[in-house]
Amino acid sequence: MSIRDVFIVDAVRTPVGKFGGALAGVRPDDLAAHVVRALVDRTPGLDPERIDDVVFGDANGAGEDNRDVARMAVLLAGLPVGVPGVTVNRLCGSGLEAVIQAARAIAVGDASVAIAGGVESMTRAPWVVQKPERTFPAAHQQMWSTTLGWRMTNPRMSAEWTVSLGEGAELIADKYGIDRAAQDAFALASHRKAAAAWAAGQYDGEVVPYPGVDLSRDECIRADSSLEALARLKPAFRPDGTVTAGNASPLNDGAAALLLVDEEGLRATGREPLARIRASAVTGIEPQLFGLGPVEAVQRALAKAGRGLGDLDVLELNEAFAAQALGCLSAWPELDPAVVNPRGGAIAIGHPLGASGARLAGAVAHQLAAAGSGTGMAALCIGVGQGIALVLER
């Protein structure tokens, strides 16, 4: 069996909304449907009947994104009912996992055209209550927020593994000697790069605002931030810690989607591809050191592609925390820092969990297309200790 080339024809995303912000009134299945519809509308030469599958990442799935949000998006977007949809969950890597799974189906001939993406509304994530052990309990019942992090943790799980995500970032800061000043400087650079990219129109070709919502740009970017303002923020996880709300990614809402095709599907679209998918990798690591997950995943994906860190023209590395990103970068001394998140990262743009991987893949594809050639990488750390990476080429 021959392996087919897989091309990214287009990639879109919503502006990323802040927690309780402009997108708070929009259901996650509607966010997903919006980016799916936008992709189809931007490729009028493609008959929607030709879409073999829609694969979406979603890290929560406990609220309005239940019941297979990918299939809900197909129906809400007005696609033919014969187009199937499947939802995947690799927590923060879910959106990139969706891209990888859709690409794999195309590569082996199970599909010719697919849409892959991700969605998350952290604002609308519900509170949940476990079923009581007996009918009509007299005691109060524990209510859990499903917005982020551990809940209903299995007591057999090691306490060392189940620390909060922020404490995990503090552990990485300890491990690599990453001080507060370095983290704040990294965060400030993220905001400045994102603001400059928006001002230069670099996001205009991929961001599709949600209709009826007054949000045309990412909502969390602070163009006027400063080191002095960041230094005034209190540590969020340890009294004497270094991780703050200013050098960590915020809670967000948003969706992203990509159109993937083989050569036959490409001819059907009548379009020039943005990029070609070359290789991918997923890896595991100690759960409390989840932030370092991309280190090995990036190396493995590059090895599969026959490339090295020095070959990268762009690396979109998800910034869950500045400490986490800096920890990864310290493991890649041969990497040119200028290629890392040149248009800003998640500390500024935001991190809607299930959507972020698809956002990063789309960002890499658009940057390679703008450059005309090159090699790019999208990579994310994943809670509970995993890493995921994807290599693209043009």
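The values are calculated or read from the model by the stated rules, or taken from the named source; none is laboratory data. Because the structure is a prediction, the values reported are computed rather than measured. Heads up, the Cβs are rebuilt from the backbone with ideal geometry, glycines too, and the neighbour counts pull from every protein chain shown. Side chains included, ligands, DNA and RNA excluded: accessible areas come from the protein's heavy atoms. Shrake-Rupley method; radii C 1.70, N 1.55, O 1.52, S 1.80 Å.
The table below lists the values:
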item	result
Complete set of residues in the stretch 343-374 that are in contact with a helix residue (DSSP H, G or I) (Cβ under 8 Å, 6 or more places away or on another chain), under 17 Å from ILE100 (Cα atoms) and not basic (Lys, Arg)	LEU353, GLY354, ALA355, SER356, GLY357, ALA358, LEU360, ALA361
Qualifying residue in the stretch 281-291 (condition: assigned to a loop (DSSP other than H, G, I, E, B), crowded, with 19+ Cβ neighbours inside 10 Å and at pLDDT 95 or above)	yes
Every residue from the stretch 104-130 that is touching a helix residue (DSSP H, G or I) at 6+ places or on another chain (Cβ under 8 Å) and of a type in the set (A, V, I, L, M, F, W, C)	ILE106, ALA111, VAL113, ALA114, ILE115, ALA116, VAL119, MET122
Condition check for CYS328: surrounded by 24 or more Cβ atoms within 10 Å (Cβ to Cβ), out of contact with any Ser or Thr (no Cβ under 6 Å at 6 or more places or on another chain) and either assigned to a strand (DSSP E or B) or basic (Lys, Arg) (or both)	no
Single residue of ALA323, ALA255 found to be closer than 15 Å to GLY357 by Cβ and either surrounded by fewer than 18 Cβ atoms within 10 Å (Cβ to Cβ) or within 21 Å of the chain's Cα centre (by Cα) (or both)	ALA255
Selection count, the stretch 21-61, where residues are among the acidic types (Asp, Glu), open to solvent by less than 50 Å² (accessible area, probe 1.4 Å) and more than 17 Å from VAL208 (Cβ to Cβ)	2
Check on GLU160, open to solvent by 40 Å² or more (accessible area, probe 1.4 Å) and either without any contact (Cβ under 8 Å) to a residue 12 or more places away in the chain or under 30 Å from LEU266 (Cβ atoms) (or both)	no
Neighbours by Cβ (under 9 Å, 6+ apart or cross-chain): first from the stretch 223-248, more than 23 Å from GLY168 (Cβ to Cβ) and open to solvent by 50 Å² or more (accessible area, probe 1.4 Å); second aromatic (Phe, Trp, Tyr) and outside any loop (DSSP other than H, G, I, E, B)	ALA223/TRP198
